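Chemist: First the structure, then my questions, so here it is.
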Amino acid sequence: MLAVMTDTEHLKEPAYVGINNVLMRVLRANDGENVMQMGSAWPPDEMLPLKRMQRTVSAVARRDPALLGRVSCSETNEPGFVRQISRRALDWGRVDPEEIVVTGSCTEAISLCLRAVAKPGDTIAIESATYFVLLQMIESLGMKALEIPTDPKVGPSLDALELAMRAGLVQACLFIPNANNPLGCIMPEENKKRLAALLTLYGIPLIEDDVYGDLCFTTQRPWPVKAYDSSGHVLLCSSFSKAITPAVRIGYVQAGRYTQEVALLKTVSSGATGHFFQAVLADFLEGSSYDNQIRKMRRVLAQRIARMSDAVAAYFPAECSLSEPQGGFVLWIRMPEHVDAMALHGAAIGEGVAIMPGPLFSASGKFGHYLRLNCGNPWSPEVERAVAKLGRLVHNASQQSDRACLQA
């Protein structure tokens, strides 16, 4: 069995992000024809309740056809959808419906929050590693990123974060505390409490990406940092795209003390979010369908991650190590040190396999010998052959680097 990652990294200087051009080249290559999709973190269609959604869309359209034409620049929220968001938060706290702003996706929610709490040139504290789309947003807004050393089991170092806060190095934080992408780790509840206290003490906002919170493998759904926020400094962003369907572009933010700023930015940026699909999601969430769906997904995804981990152990070099995801459906792999993940991506595309190379998950291009695999696909001979191809490519790259070192 391969080793499990336990390394952490030192705090570095804030830096402007520069991944957009490279990332777009990688994504275009991954979308090529006849490529096994093991790069993008989307759940496969066979796991999503698409037939149930189809029936719900039809039912809502018949019951309230006026929703199909409803547009409002001042009333962006559908009351039924807001009620369902509030109801689902009752396990960890009482949500003020006035704090909720419905958006076009979780991505839009995060972008609006960044614009509400920071300005160009400001520094955003992020986990190391973190989801590349968050880095794209920071880059596109002209902000800098400070990578906080992050343990692959428990998340970011709060000692390092407090040091940065005390030194005035950061103006906001952007974390994924529940099932970090790509690490899969969950921040312990005590750490979440401490983080909330630090935010209050230093008056610094946290944009919390909780899109994977419902897909954690723990017995009870882990609470967000927002649950411990007494000062309104946490802006909780999420959506139901990972468990229902990514085609319905509806997200939301519980924006705390920044609600007015976020709501204004939403109005001037993209106007109202479609009321019809908010009503569809509200209908779907009202009964037991969603709870049944996420219970099934948690069970199946945990099994698929275990199967993928076993395959990586069988086909990759023994020096590799891998994460132990506590949620979501991606696996983070550390390869031998001299294996270039970007070069491996090109070789893998040539073999018809898409991956995401590690440097795209860092503001400073770290993780040059890491890669992320999507484990959401159902196991099949085709998936196993793809893992075997990747393992062979990593073996070859490692052996070539060993020979180069001997010759030198």
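The values are calculated or read from the model by the stated rules, or taken from the named source; none is laboratory data. As the structure is a computational prediction, the values presented were derived from the model and not from experiment. A quick note on method: Cβ atoms are made from the backbone with ideal geometry, for glycine too, and the neighbour counts reach across all protein chains shown. Protein only, heavy atoms only, side chains kept; ligands, DNA and RNA dropped before computing areas. Shrake-Rupley method; radii C 1.70, N 1.55, O 1.52, S 1.80 Å.
Chemist: Here is the link list: LYS144/LYS192; LYS193/LYS242; LYS144/LYS242; LYS153/LYS193; LYS193/LYS296; LYS192/LYS226. Which ones come out longer than 20 Å on Cα distance?
Modeler: LYS144/LYS192; LYS193/LYS242; LYS144/LYS242; LYS193/LYS296
Chemist: Given only helices, namely DSSP H runs of n ≥ 4 each adding -39500 (n - 2.57), what is the per-residue ellipticity at 222 nm of the chain, to the nearest 500 deg cm²/dmol? If you can, show how the numbers build up before the last one.
Modeler: Values: 12 runs with 167 residues, N = 408.
Rounded to the nearest 500, the figure is -13000 deg cm²/dmol.
Chemist: Starting from the Cα of GLN37, step 7 Å along the direction of its Cβ; do the same at TRP379; then give the gap between the two resulting points in nm.
Modeler: 2.2 nm
Chemist: Using the basic label-point model (7 angstrom from Cα toward the beta carbon), what is the LEU68 to ARG166 distance in nanometres?
Modeler: 6.2 nm
Chemist: Per the 1.4 Å probe, what fraction of the accessible area of the chain, in percent, lies on carbon and sulfur atoms?
Modeler: Carbon and sulfur together cover 51 percent of it.
Chemist: While we're looking at this one, here's another question. For region 296-321 and region 72-110, what is the separation of their C-alpha centers, rounded to whole Å?
Modeler: Cα centroid of region 296-321 versus Cα centroid of region 72-110: 35 Å apart.
Chemist: Give the peptides 33-40, 106-113, 377-384, 203-210 in descending order of average Cβ contacts within 10 Å, highest first.
Modeler: On the way: 33-40: 16.2, 106-113: 25.6, 377-384: 13.4, 203-210: 23.0.
By packing density, highest mean first, the sequence is 106-113, 203-210, 33-40, 377-384.
Chemist: For the chain, give me the percentage of DSSP beta bridges that are antiparallel, rounded to the nearest 5 percent.
Modeler: Working: 23 of 43 bridges.
Of those bridges, close to 55 percent are antiparallel.
Chemist: Next up: For a quick protection proxy, order the peptides 320-331, 136-147 by their average other-Cβ count within 10 Å, most packed first.
Modeler: 320-331, 136-147
Chemist: VAL268 to SER289: FRET efficiency via 1/(1 + (r/R0)^6), r the Cβ-Cβ distance, R0 35 Å, to the nearest 0.05? Mind dumping the intermediate values first?
Modeler: Details: r = 36 Å, r/R0 = 1.01.
For VAL268 and SER289, the calculated efficiency is 0.50.
Chemist: Given (1) 35, 26, 19; (2) 40, 23, 19; (3) 61, 23, 18, which label gives semi-axes √(5λ) of the Cα gyration tensor in Å as computed from the coordinates?
Modeler: It is the value labelled (1).
Chemist: Next up: Per residue, how much accessible area does region 170-323 have with a 1.4 Å probe, in Å²?
Modeler: On the way: 5180 Å² over 154 residues.
Here the residues of region 170-323 average 34 Å² of exposed surface.
Chemist: Taking 0.36 nm per residue of separation and subtracting the Cα-Cα distance, what length does fully extending ALA314 through ALA197 add?
Modeler: On the way: separation 117, 0.36 × 117 = 42.12 nm, distance 4.43 nm.
My answer for the length gained is 37.7 nm.
Chemist: Might you tell me the accessible area per residue for region 21-125, computed with a 1.4 Å probe and given in Å²? Kindly include the intermediate steps, with their values, before the conclusion.
Modeler: Details: 5680 Å² over 105 residues.
Roughly 54 Å² per residue, with all protein chains present.
Chemist: As an exercise, use a Förster radius of 45 Å and the Cβ-Cβ distance of LYS119 and ALA343 to find the FRET efficiency, rounded to the nearest 0.05.
Modeler: Details: r = 38 Å, r/R0 = 0.83.
In this case the efficiency is close to 0.75.
Chemist: Could you calculate the FRET efficiency of LYS366 with SER140 from 1/(1 + (r/R0)^6), where r is the beta carbon distance between them and R0 is 22 Å, rounded to 0.05?
Modeler: Numbers: r = 21 Å, r/R0 = 0.94.
Plugging the Cβ-Cβ distance into 1/(1 + (r/R0)^6) gives 0.60.
Chemist: If each of ASN396 and VAL22 carries a label point 7 Å out from its Cα toward its Cβ, how far apart are those two points in nm?
Modeler: Placing both labels 7 Å along Cα→Cβ, they lie 2.3 nm apart.
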